[in-house]
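Working notes, beginning with the structure itself.
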Amino acid sequence: MTEPLMLNEICMVTTTVATEAEARRLAQAVLQARLAACVQVEPITAHFFWQGALQEDRELRLVCKTVARAVPALLALLRAQHPYT
């Protein structure tokens, strides 16, 4: 049996973008909407398959620190404003 989700639990929502400008824009949108207390941006190397071939590329990971009750609105904002298709 699991315990019910507490609405004030701390959650981390992550996404990646290709450029610092995109990372800054998304971080500012999240914070201006007050959907996270903090957004950390960190450089990473992503390994993935694209168009049938193994790829490697630099990306920036955004880690949004928020509370459980804000997650649905945060995900909606990220989906609406994210540059990836």
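Tabulated data for the structure shown
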{"quantity": "Virtual spin-label span in nm between CYS38 and THR16, 7 Å along Cα→Cβ", "calculated": "2.3"}
{"quantity": "Sum of side-chain charges, ALA70 neighbourhood, beta-carbon under 15 Å (Lys, Arg +1; Asp, Glu -1)", "calculated": "+3"}
{"quantity": "Solvent exposure of the chain as accessible area per residue, Å², 1.4 Å probe", "calculated": "72"}
{"quantity": "Gain on full stretching of the segment that runs from HIS47 to ARG24 - 0.36 nm per residue minus C-alpha separation", "calculated": "6.0 nm"}
{"quantity": "Spin-label model distance (nm) - GLU56 vs HIS82, 7 Å beyond Cα toward Cβ", "calculated": "2.5"}
{"quantity": "Relative contact order [Cα under 8 Å, 6+ residues apart], the chain, whole percent", "calculated": "41"}
{"quantity": "Among ALA73, LEU62, VAL41 - extreme Cα towards positive end, dipole of the chain, charges at beta-carbon", "calculated": "ALA73"}
{"quantity": "Highest average packing first - 52-62, 70-80, Cβ atoms within 10 Å", "calculated": "70-80, 52-62"}
{"quantity": "Rg to Rh quotient for the chain, alpha carbon positions, Kirkwood Rh", "calculated": "1.05"}
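The values are calculated or read from the model by the stated rules, or taken from the named source; none is laboratory data. Predicted, not measured: the structure shown is a model, and the values here were computed from it. Reconstructed Cβ throughout: ideal geometry from the backbone, glycine too, with neighbour counts over all protein chains shown. Accessible surface is based on the protein model in full, side chains and every heavy atom, while ligands, DNA and RNA are left aside. Shrake-Rupley method; radii C 1.70, N 1.55, O 1.52, S 1.80 Å.
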